[in-house]
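The values are calculated or read from the model by the stated rules, or taken from the named source; none is laboratory data. Fair warning: this is a prediction, and the values are worked out from it, not measured in the lab. Please note: Cβ atoms are built from the backbone with ideal geometry, for glycine as well, and neighbour counts cover all protein chains shown. Heavy atoms of the whole protein, side chains included, go into the accessibility calculation; ligands, DNA and RNA do not. Shrake-Rupley method; radii C 1.70, N 1.55, O 1.52, S 1.80 Å.
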Amino acid sequence: MLNIVIFGPPGAGKGTQAELIANELKLIHISSGDLLRQELANGDLGQEIKKYQDAGELVPDSLVIKMVEKAIAQNLDKPGFIFDGYPRNLNQAVSLDTVLKTGRLELNAVLNLELDEQEAVNRIILRGQTSGRSDDNEETIKARFQTYQEKTLPLLDYYRRQNLLVNIDGRPTISEVTKQIMKILKK
Ligand code: AP5
């Protein structure tokens, strides 16, 4: 079993790398952002979710944690998980630890994709031309970064204390970043 968190600011490349690594290592890719967007498109809670996403704020834990726990429970027989954009605050991190422990699993690494804000904003603006994501606009991106700084960044210390944190340079090309990650995971 290999269980990884992929961490980093908006636009750092979490989703891109999580998908590539999940394919390579046959892991289950759990993206809280994607789960929320699926619920937004098909579920009853769409309007509630959209309100938070469009404001660049975190969707309430009560909703997000439940969705992620369900996705984990459905895949406990698989070779492992890669969590993308989750956890986003201490409450979610503690909840993830508990759920993994209950399933007799543990986190093996937290990969922190490092990218400066300007480069990340450029990437998101570019993606916004085709993504159809209503939060890929300049005003919401600013709010997403603020939420990241205030709510999510403090988690780095939580994982550093557990010796799980590995920093990854998010600036090179997609395939270069994947190479760096694979090298670390093979160690
Ligand atoms: P979420 O969907 O998680 O968005 P995010 O964290 O803001 O991250 P992004 O998807 O924008 O970026 P990414 O790091 O995945 O980069 P990507 O690979 O796409 O969350 C959206 C919202 O949902 C939140 O604001 C919140 O409201 C809610 N939410 C989600 N999770 C939550 C949680 N746990 N709790 C509460 N609320 C939650 O890459 C970006 C672009 O760059 C792409 O176009 C890509 O092709 C390109 N790119 C990637 N890598 C490279 C590279 N190396 N070089 C050049 N371009 C690259």
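Those residues that are over 17 Å from the mean Cα position of the chain (by Cα) and within 9 Å of the ligand (Cβ to nearest atom), I need them from the stretch 162-187; list them, please. Listed by number, the residues that qualify are R171, P172, T173, S175, E176. Of all residues in the stretch 169-186, those satisfying the criterion of being in contact (Cβ under 8 Å) with a residue 60 or more places away in the chain and either farther than 23 Å from M1 by Cβ or hydrophobic (A, V, I, L, M, F, W, C) (or both) are G170, I174, V177, I181, M182, I184, L185.
Tell me whether the stretch 97-108 contains one or more residues that are modelled with pLDDT of 95 or more and either within 13 Å of the ligand (Cβ to nearest atom) or of a type in the set (S, T, Y) (or both). Yes, some residue in the stretch 97-108 is modelled with pLDDT of 95 or more and either within 13 Å of the ligand (Cβ to nearest atom) or of a type in the set (S, T, Y) (or both). Annotation: K66 fulfils all but one of (1) surrounded by 15 or more Cβ atoms within 10 Å (Cβ to Cβ); (2) assigned to a helix (DSSP H, G or I); (3) more than 7 Å from the ligand (Cβ to nearest atom); the unmet one is (1). Only residues that are assigned to a loop (DSSP other than H, G, I, E, B) and more than 9 Å from the ligand (Cβ to nearest atom) were counted across the stretch 5-37, and they come to 2.
State yes or no: is A120 in contact (Cβ under 8 Å) with a residue 24 or more places away in the chain and more than 9 Å from the ligand (Cβ to nearest atom)? Taking the combined requirement at face value, the residue does not satisfy it. Assuming D54 fulfils every condition listed in (1) part of a loop (DSSP other than H, G, I, E, B); (2) open to solvent by 20 Å² or more (accessible area, probe 1.4 Å) apart from one, which condition is it? All conditions are met except number (1). If only residues of the stretch 4-48 that are in contact with a helix residue (DSSP H, G or I) (Cβ under 7 Å, 6 or more places away or on another chain) and modelled with pLDDT under 95 are counted, the one that is least open to solvent (accessible area, probe 1.4 Å) is G46. Close Cβ contacts (under 6 Å, 6 or more residues apart or on different chains) running from residues in the stretch 135-164 that are over 15 Å from F7 (Cα atoms) to residues that are among the small types (G, A, S) comprise D136/G128; T140/G56; A143/G56. Checked against the criterion of being within 11 Å of the ligand (Cβ to nearest atom) and outside any helix (DSSP H, G or I), the stretch 38-51 contains not a single residue that satisfies it.
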